[in-house]
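Read the structure below first, then the notes.
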Amino acid sequence: MKGVKAMYLKELSELDGVSGDEGRVRKFIEEKIKDKVDSLKVDIMGNLIALKKGTKSNRKFLLAAHMDEVGFMVTNIEDDGTLSFGPVGGIDPRVAVGKHVRIKGELAGVIGYKAIHLQRKDELLASPKFENLRINIGAKSKEEASRKVEIGDYVTFATDFRCENARATGKAFDDRAGCAALMEILEKGQRYEDDLCFAFLVQEETGLRGSAVLFEQLCPDLALVIEGTTAGDDPGLPEHQWATHLGDGPAITFMHRGYVVNKKIYESILQVARKYDIRHQPKRRTAGGTDAARLAKTGGGVPAGVISIPARYIHSPLSMIDLADFNNTVLLLSKILEEGEGFAK
Amino acid sequence: MDTVSLLKCLSGADSPSGYEDEVLKVVEENIKPYVDLVKKHKMNTLIAAKRGQNGKKLGIFAHADEIGFVVAKLEERGFARLEPIGGVDPKVVLSQRIKIFTNQGIATGVVGFLPPHLQKEDQKDKVPDYNDIYVDVSCSPLCEAVSVGDICVIEGRCASLGDKLSGKALDNRASCAALILAARELETIKNRSDVYFIFSSQEEIAGPGAVYVAYELGLDGAIVVDVTHGNEHVPQMPQIKISEGPALAVGPVVNREFYKALCDVAKRHGVRTQIEPTPGRSHTDTDEVQITRSGIKTALVSIPLMYMHTPVELVDPRDVEETARLLSLASTVDL
């Protein structure tokens, strides 16, 4: 684990890239990895695909992480100069209240809420809804706001990244943590037996859409999806409902929505983890889905495994991961690649 | 310091009711050059006095405290439960960074939220309340130092939104800024009362703050400066608008002649004001100050503010400046 410090996590977390607007993240990754791969392209959907030749080249091994994050889109500019907005991806209106936001990656706004003094009893006892929330950019009128914002502009939380006590807090760890892990692998500059395709995907949060166009372009033989996944090991849930535990290592998925992980791959991941005594844990819930489900269903189907970095409070402005989990994920991944053709044979 | 920088500085001071020291320090530094005397009162109130010429005493009050929390319970593995200090809507607390003032320094934690993936049906529409809210402090090196009784605030960030400003505790730091700016303007005003600027404590919990100072100083007149709901539709009320100057309250808690004199002086000097009908209590320090000793001629001046008691309270700095002009001119009103 020495030398691995989640070097790109801060930048990746603070970049804004809601589904459909991944350009800033893509540009950053492209810039950092372009000299470390054999070829690089951006496809029609906006996926960034990098290839690294293997020493044997008998198999094509796809490694995927998604670049997009959940966020919002401006849906209307109101007469009073405030902005109506809707969620892009699964985001609960309750986490949006009272937050600073960023529009188009640059313009500051806030999501206010009716003062507690003015709320009627039914309002006090009502859960916030998007239809009642507005973004305020300090504009007095529709005209003034329209000079700065257009309908369709993307919005993210203006969360800064912090790392203390070996735990990182910030936005978009789902799945910038996965992107950062893949970038760490590329940083090693190593060649493995298999040809490797690194795919930094778009639109995972809006229905696994970026990964849908990979098979046609790459025909991979097998795949691993690297995710930032739900933890739930907090007082919000009784212990038997926790999905993963922060600090217990990468979570290995047996099954999630729409896909039971290919048994050979699942077991091979566990074998490698045990062989090198890398701390890991099973993902204990089957909630949520990843691009593995889409990969399994497109074209001729790609057998895929899922390795996840446990993250608390994902799909909110402030998620949390344990750096040891991140480091162990990178370690596990690199050991899997070192196995070469022996992995999931 | 310009108005925006002053507001940002005051907003950044973390001082929930009863723990006003930090903000009073900022106030003292900024008001000292413009007054004759600054003294800290034993009840966490700062009084800054500027002598006048006409022998009357005008007190201008702004509470300096803000809403916040106290750690009420600790759970295993670095989770803390909160109780609010003042009226903090639990709906604005989720997914915020929380600064906890431990005896070893500030521990910053985050309020967690169950992701949609793990929510059961009955959790999906649930209204947030303090029974469900917890702070995850496992991300702080001072995790172990957190104790029951530690004071907390939502970590603030003060952002310029065009020509407006949004951040925490602008209720009532916007008024504190107005008092400081008014003290500066007093230099240019002749034939006026002694003016006492009073930065009081514990307003947010309706605690002892302004009252005992009003008692001790023996004032001839008092103006309480607070914030009011801007750009909100309150049934049967005129809308108080952001960017259109301070609102002057009219109603039983306000001395009618004093109110009229303030309107008059504002009009003569081109200060924009708005009217805020206050048929009952004002729920500001005005209510108590008016009935101190044998009664004090009291007025209430409010700065329009949106999203009160959220971390993104919004004001127009020009309203703060207009309020300061009105307050300095008030020192010339006959008491």
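Please treat every number below as a calculation from the coordinates, not as lab data. The model shown is predicted, which means the values in this text are computed figures rather than measured ones. We place every Cβ from the backbone using ideal geometry, glycine too, and count neighbours over all the protein chains shown.
Axis angle, to the nearest 10 degrees, between helix B:21-31 and the longest C-alpha principal axis of chain B: 30 degrees. Solvent-free Debye calculation, one equal scatterer per alpha-carbon of the stretch A:31-190: log10 I(q)/I(0) at 0.11 Å⁻¹ equals -0.63. Rounded to the nearest 20 debye, the dipole magnitude of the stretch B:131-205 is 500 debye, with +1 charges on Lys and Arg beta carbons, -1 on Asp and Glu beta carbons, and the Cα centre as origin. Taking max minus min of the alpha-carbon positions on each principal axis, chain A gives extents of 66, 44, 38 Å, largest first. Each Cα pair under 8 Å and six or more residues apart adds its sequence gap; the mean of these over the residue count of chain A is a relative contact order of 24 percent.
With a threshold of 22 Å on the Cα-Cα distance, the over-threshold entries among A:10/B:164; A:148/B:91; B:8/B:99 are A:10/B:164; A:148/B:91. Here is the list for the stretch B:119-225: trypsin sites (Lys or Arg not before Pro) lying in DSSP coil, each with at most 16 other C-beta atoms within 10 angstrom of its C-beta, are B:120, B:126, B:190. For the stretch A:24-31, 3J(HN,Hα) computed residue by residue from phi via the Karplus equation (6.51, -1.76, 1.60; θ = phi - 60°) reads 5, 5, 4, 4, 4, 5, 4, 4 Hz, glycine and proline entered as x. Computed about its Cα centre, the charge dipole of the protein assembly as shown is approximately 660 debye, with only Lys, Arg, Asp and Glu carrying charge at their Cβ. As a size descriptor, the averaged projected area of the C-alpha convex hull of the protein assembly as shown was calculated at 30.5 nm².
Other residues lying with their Cβ under 14 Å from the Cβ of residue B:287 contribute a combined charge of -3, Lys and Arg counting +1, Asp and Glu -1. Dipole orientation for the protein assembly as shown: of the candidates B:149, A:344, B:271, A:344 has the Cα lying most toward the positive pole (charges on Cβ; Lys, Arg +1; Asp, Glu -1).
What do you get for the angle between helix B:317-330 and the principal long axis of chain B? Use alpha-carbon atoms, 0 to 90 degrees, nearest ten. Between helix and principal axis, roughly 40 degrees. The mean number of partner chain beta-carbon atoms within 10 angstrom of a residue's beta-carbon across peptide A:313-325 is 5. With the Cα gyration tensor of the stretch B:1-150 giving a ≥ b ≥ c as the square roots of its eigenvalues, does the rule (a/c under 1.5 for rounded; else a/b larger than b/c for prolate; else oblate) give rounded, prolate or oblate? Because a/c hits 1.5 or more and a/b exceeds b/c, the stretch B:1-150 counts as prolate. Here the scattering of the stretch A:306-345 is modelled by Debye summation over its C-alpha atoms, one equal scatterer each and no solvent; at q = 0.21, 0.24, 0.35 Å⁻¹ the log10 of I(q)/I(0) is -0.70, -0.79, -1.10.
Each residue of the stretch A:164-176 was assigned a 3J(HN,Hα) from its phi angle through the Karplus curve 6.51 cos²θ - 1.76 cosθ + 1.60 (θ = phi - 60°); the sequence is 9, 6, 6, 10, 9, 10, x, 9, 6, 4, 8, 10, 5 Hz, with glycine and proline shown as x. The stretch A:153-191 and the stretch B:9-40 have their alpha-carbon centroids 40 Å apart. Scanning residues 5 or more positions from residue A:262 or on other chains, those with amide H under 5 Å from its amide H are A:304, with H placed 1.01 Å from N in the peptide plane. Proximity of backbone amide H atoms, modeled 1.01 Å from N, is registered between residue A:254 and A:283 at under 5 Å, excluding neighbours fewer than 5 places apart on the same chain. Take every pair of alpha-carbon atoms less than 8 Å apart whose residues are at least six positions apart; their mean separation over the length of the stretch B:85-209 yields a relative contact order of 25 percent. Farthest toward the positive end of the dipole of the stretch A:202-247, out of A:210, A:241, A:226, is the Cα of A:210, where the dipole comes from beta carbon charges about the Cα centre.
Amide H to amide H, with H built 1.01 Å from N, residue B:274 comes under 5 Å of B:247, B:248, counting only residues 5 or more places away or on other chains. For chain B, the direction-averaged projected area of the alpha-carbon convex hull comes to 18.2 nm². For the stretch A:24-55, the list of trypsin sites (Lys or Arg not before Pro) that fall in a loop by DSSP and count at most 14 other C-beta atoms within 10 angstrom reads A:53. For the stretch B:68-154, a crude dipole built from +1 on the beta carbon of Lys and Arg and -1 on the beta carbon of Asp and Glu, taken about the Cα centre, is about 180 debye to the nearest 20. The helix-based estimate of mean residue ellipticity at 222 nm for the protein assembly as shown, built from -39,500 (n - 2.57) per DSSP H run of four or more residues and divided by its residue count, is -7000 deg cm²/dmol to the nearest 500. Farthest toward the positive end of the dipole of the protein assembly as shown, out of A:157, B:30, B:212, is the Cα of A:157, where the dipole comes from beta carbon charges about the Cα centre. Against the main long axis of the alpha-carbon atoms of chain A, helix A:263-275 sits at an angle near 80°.
The alpha carbon centroids of the stretch B:180-211 and the stretch A:1-59 are separated by 58 Å.
Per residue of peptide A:117-128, the mean number of Cβ atoms on other chains within 10 Å of the residue Cβ is 3. According to the calculation over all Cα-Cα pairs in the stretch B:68-154, the P(r) per 10 Å bin from zero is 18, 52, 24, 5, 0 %. Put simply, the stretch A:71-157 fits an ellipsoid with semi-axes of 22, 15, 10 Å; these come from the alpha carbon gyration tensor as the roots of five times its eigenvalues, largest first.
Peptide A:135-141 shows a mean partner chain C-beta count of 5 within 10 Å per residue C-beta.
Here the 3J(HN,Hα) profile of the stretch B:202-210, calculated from phi with Karplus coefficients 6.51, -1.76 and 1.60 at θ = phi - 60°, is 6, 6, 5, 10, 6, x, x, x, 6 Hz, Gly and Pro shown as x.
When only alpha carbons are used to place a centre, the stretch A:221-277 and the stretch B:78-106 end up 32 Å from one another. Within a straight-line Cα-Cα reach of under 22 Å, residue A:345 can be paired with the following lysines, leaving aside sequence neighbours fewer than 8 residues apart in one chain: A:52, A:53, A:56, A:60, A:263, A:264, A:275, A:297, A:335. Sorting the segments A:320-330, B:48-58 by their residues' average number of neighbouring beta-carbon atoms within 10 angstrom, most packed first, yields A:320-330, B:48-58.
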